[in-house]
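Before any comments, here is the structure.
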Amino acid sequence: MVTTPPAVRPANARFSSGPCAKPPVFSLDKLADAPLGRSHRAAIGKSKLAEAIDLTREILGIPADYRIGIVPASDTGAFEMAMWSMLGERPAEMVAWESFGAGWVTDVVKQLKIEAKTHTADYGHIVDMAALNYDNDVCFTWNGTTSGVRMPNGDAIPADRAGLTLCDATSAAFAQDLPWDKLDVTTFSWQKVMGGEAAHGMLILSPRAVERLENYTPAWPLPKIFRLTKGGKLIEGIFRGETINTPSMLAVEDYLVALKWAQDIGGLKALQDRANANAQAIFDFCDANDWIANLAEDDATRSNTSVCLKFTDDRITDGAAFAKAVAKRLADEDVALDIGAYRDAPAGLRIWCGATVETSDIAAMLPWLAWAFEAEIAA
C-alpha cells in the first residue's frame, strides 16, 4: 500500500489527449520566424504552407501521387469535408468502436441519409474489418482516441476494392504504421502526436479519391468550406498550400517546429519508438497491479497513444466517481493533468503517450497514480 506521496514528480505533467504536450524542445522563441501580419497568399505565406505539406509527406512516407491539403476545423473538418464531398456514389459501410466513429455514423445516416450498413463494437473491442463489403465506401477510425483501441494493421482491406476507404487517423498519424495503399482518404490534426496547435486539419487523398471527386457530384449542396473541385476538376491549389480559408501562420510555424524536431530525432521510426516506450511503461504498470487494466481487451489492438485504463478493484462501488476523484488528486498535485476518460467512454483514465511525451515523465507519474488509488480507496 502506498501511503506517502512519491518523492519524484514528472517534469511535465501534461498528459492530455488533445491538445497534447508540446515537443520537448519547444519554446515560444522558436516561433519567431512566423510571418505574422502577412497574407497567407503572399509568397512567404504560401512557402510556409507548402513546406508543412512537403515535410508531412517526407516524414510519413506518403506516396508522391497522393495529394496533401491543409484544411480548416482540425481533423473533424477534414473528415467532414471528405464525407460530404465523396460519399453517396455507392452505399457506405460505417464502422464505430468509440465516440468519434459514432459521430461519423450520425453524419452519414441521419444528415446525408446515404444507404449504409453500420458496424459497431463496444468500448475495448474492435469491429471485424474483414467482414466489411469493400465494394462500398468504408469509413472508420484507425485509432479510437476515446477507447484506446486501434487497428493492428490494414491486412483486412483488399487491394482490389471498388469502394473508397476513408480513415480518421488523427491519433495514429506519426505514431502508428499507416498502409497508404489501403487508405484512399486519410485525415488527422496537428494537435495530437506532433503536439501542434488546434484549428487545422490534414486531408490526404489517393489517386482513387481524386478520381471520385472529379467524376461524382453529390446530390446535396456543398458549402464553400467543403468544396474541393471547380468545374469538375480538383482545385490543385489546396494541395500546394493555397488554403480554402485563412490559416493561422503562427499555428503553421508551430507545426513546422514539430516536424523539424521529428526530422532531428530520426523521423517516423523515432516518433513511433517514443510512443511505444511511453505506452509500454503503462502496460507494464498494469501487469504489476491487479487493480487497474487496459480498456483494450486484445493486446494487439492496444493504442500506443491514447492509452485508456479501467479500475478493476472490487471495493469500488461508483466507478465514475472514483475515477474522477483519482484524476482530481493527481491534478491537484500537479503530476498528471487532464487524464480523465472521455465523457462518452467507460469510467476510467486516459493517458496520452504520443511522441512529444517523455518516458521519464510517464515513469515518474505512475507511482503517483498508485498513491492516488490507495488514497481514494482509504477515503
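The values are calculated or read from the model by the stated rules, or taken from the named source; none is laboratory data. All figures in this text were calculated on a predicted structure; none of them were measured in a lab. Every residue, glycine among them, receives a Cβ derived from its backbone with ideal geometry; neighbour counts consider all protein chains shown. For the accessible areas, the whole protein counts, side chains as well, though only heavy atoms, and no ligand, DNA or RNA atoms are used. Shrake-Rupley method; radii C 1.70, N 1.55, O 1.52, S 1.80 Å.
Among the residues here, Ile114 does not qualify as in a loop (DSSP other than H, G, I, E, B) and under 17 Å from the mean Cα position of the chain (by Cα).
Selection of segment 334-370 for residues being part of a helix (DSSP H, G or I), open to solvent by 30 Å² or more (accessible area, probe 1.4 Å) and not polar (S, T, N, Q) yields Ala363, Pro367. Could you tell me whether any residue of segment 184-203 is closer than 21 Å to Thr120 by Cα, in a loop (DSSP other than H, G, I, E, B) and touching a residue at least 12 places away in the same chain (Cβ under 8 Å)? No, segment 184-203 contains no residue that is closer than 21 Å to Thr120 by Cα, in a loop (DSSP other than H, G, I, E, B) and touching a residue at least 12 places away in the same chain (Cβ under 8 Å).
With the requirement that a residue be among the aliphatic types (A, V, I, L, M) and in a helix (DSSP H, G or I), what does segment 71-98 give you?
Passing the criteria: Ala78, Met81, Ala82, Met83, Met86.
Ser17 satisfies every condition listed in (1) in a loop (DSSP other than H, G, I, E, B); (2) open to solvent by 70 Å² or more (accessible area, probe 1.4 Å) except (2). Residues that are open to solvent by less than 60 Å² (accessible area, probe 1.4 Å), in a loop (DSSP other than H, G, I, E, B), touching a residue at least 60 places away in the same chain (Cβ under 8 Å) and farther than 14 Å from Lys260 by Cβ within segment 33-50 comprise Pro35, His40, listed in sequence order. The residues on offer are Arg208, Arg150, Arg212, and the sole one that is open to solvent by 10 Å² or more (accessible area, probe 1.4 Å), in contact (Cβ under 8 Å) with a residue 60 or more places away in the chain and out of contact with any strand residue (DSSP E or B) (no Cβ under 8 Å at 6 or more places or on another chain) is Arg212. Could you say which residue among Ile53, Ile59, Ile68 is open to solvent by less than 10 Å² (accessible area, probe 1.4 Å), assigned to a helix (DSSP H, G or I) and under 22 Å from Pro179 (Cβ atoms)? Checking each option against the conditions leaves just Ile53.
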